[in-house]
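Colleague: Mind looking over this structure? Questions follow.
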Amino acid sequence: MKHTAHNLPPLRLAVLASGSGSNLQAILDRIATGDLDAKVSVVISNNSDSFALERARKAGVRAVHWSEKKASSRELFIRGLLDILREEQAELVVLAGYMKLVPPEVVRAFPGRMINIHPALLPKYGGPGYYGMRVHEAVVAAKDKESGATVHFVDAVYDHGEILMQRRVPVLPDDTAERLRERVLAVEHELLPAAIAKFAEERRRGST
Ligand code: GRF
C-alpha cells in the first residue's frame, strides 16, 4: 500500500455514476499518474450499460450495477448500497454524474463524506430538473456571461449542500449549449480530482 509523506493510506473512494463516466475517468487518470493520492475501491451504476462500469473494469476496479429496480425494493436497494460502501470501507462517496437522488438513509451514513459534481455555478441552475444539457441551455438562454462547475457536499436536497470547490468558465456570445457543455466538462475533469485532493488534505490535517 503506497503511503505518502503523511503516512496515511490513499483515500478510499466509492464512485457512483450513471452515464459515460468521463469524470470517473479523470479521477482514475490522476490516480494513475500519481497526481491524486486516492484509490477508487468500487464504481456503482444504476445503469447496467453505463460506460462508467466499462471504465472501471478496464482500470481493474470493482464495477457494480445496482439500482432500486434490480434490488426489487427501495429497502433492499438501500441495504445493498450501504453493504457495498461499508464492504469497500469507502471514506468518500463521489457522485460523478449520478442521475438519481441518493436515499437520505445513505446520505446520513456518510455525513460530510459524500460529494457531487454539478455543471453550473451553484446555487444557480441547481435542483430537480437542472441536469445535463438543461443546465447549459438555461445558462445560454439567460445570456449569462459566465458558468462553471461546482463540487459540493451532498445532503438530502438535490444540489444543495456546502460548496467544496467551484471553477468558472466564460460564456461566449455565440455559444451554443453544446459548446458550453464541452467547456464546462473540461473544467469538471480538473475540478473533481482537485476537490478530492483538497478533501484528502483536510482529512490528513485531521479536520474532517
Ligand atoms: C457531468 O457534466 C456532471 O457534472 C453531471 O453529469 C455529467 C456526467 O458526465 N452531473 P460523465 O458521466 O462524468 O461523463
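Any read-out appearing in this document is the output of simple, stated calculations on the displayed coordinates, not a laboratory observation. All values reported here derive from a predicted model rather than from experimental measurement. With ideal geometry, Cβ positions are generated from the backbone for all residues, glycine too; neighbour counts draw on all protein chains shown.
Colleague: Go through 35, 83, 29 for me and flag whichever is of a type in the set (D, E, K, R) and surrounded by 14 or more Cβ atoms within 10 Å (Cβ to Cβ).
Modeller: Values: 35 fails: surrounded by 14 or more Cβ atoms within 10 Å (Cβ to Cβ); 83 fails: surrounded by 14 or more Cβ atoms within 10 Å (Cβ to Cβ).
Just one listed residue meets the conditions, 29.
Colleague: Provide a single number: the residues in segment 153-180 that are away from the ligand (no atom under 15 Å from the Cβ), more than 30 Å from residue 111 (Cβ to Cβ) and of a type outside the set (Asp, Glu).
Modeller: 5
Colleague: Also, I was wondering about something else. Could you figure out which of (1) farther than 30 Å from residue 78 by Cβ; (2) buried (at least 17 other Cβ atoms within 10 Å of the Cβ); (3) within 12 Å of the ligand (Cβ to nearest atom) isn't true of residue 120?
Modeller: Among (1) farther than 30 Å from residue 78 by Cβ; (2) buried (at least 17 other Cβ atoms within 10 Å of the Cβ); (3) within 12 Å of the ligand (Cβ to nearest atom), residue 120 violates only (1).
Colleague: Tell me, which residue of segment 140-152 that is in contact (Cβ under 8 Å) with a residue 40 or more places away in the chain and more than 24 Å from residue 106 (Cα to Cα) is nearest to the ligand (Cβ to nearest atom)?
Modeller: Looking at residues that are in contact (Cβ under 8 Å) with a residue 40 or more places away in the chain and more than 24 Å from residue 106 (Cα to Cα), I get 149.
Colleague: If we scan segment 22-43, do we find a residue that is touching a residue at least 60 places away in the same chain (Cβ under 8 Å), within 14 Å of the ligand (Cβ to nearest atom) and hydroxyl-bearing (Ser, Thr, Tyr)?
Modeller: Checked against the condition, which is being touching a residue at least 60 places away in the same chain (Cβ under 8 Å), within 14 Å of the ligand (Cβ to nearest atom) and hydroxyl-bearing (Ser, Thr, Tyr), segment 22-43 yields at least one hit.
Per-residue answers, yes or no, for (1) in a loop (DSSP other than H, G, I, E, B); (2) basic (Lys, Arg); (3) in contact with a helix residue (DSSP H, G or I) (Cβ under 8 Å, 6 or more places away or on another chain):
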| residue | (1), (2), (3) |
| --- | --- |
| 130 | yes, no, yes |
| 139 | no, no, yes |
| 151 | no, no, yes |
| 158 | yes, no, no |
| 164 | no, no, yes |
| 179 | no, yes, no |
| 189 | no, no, yes |
| 199 | no, no, no |
| 203 | no, yes, no |
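Colleague: Can you tell me which residue within segment 77-100, out of those that are part of a loop (DSSP other than H, G, I, E, B) and farther than 29 Å from residue 201 by Cβ, is farthest from the ligand (Cβ to nearest atom)?
Modeller: Step one: list which residues in segment 77-100 are part of a loop (DSSP other than H, G, I, E, B), which gives 88-91, 96-100.
Imposing the further condition that a residue be farther than 29 Å from residue 201 by Cβ reduces the set to 99-100.
Numbers: 99: 7, 100: 11 Å.
Among them, the one singled out is 100.
Colleague: Between a residue in segment 153-174 that is under 13 Å from residue 95 (Cα atoms) and any residue that is among the small types (Gly, Ala, Ser) and not in a loop (DSSP other than H, G, I, E, B), which pairs come within a Cβ distance under 8 Å, given they are 6 or more apart or on different chains?
Modeller: Final answer for the pair search is none.
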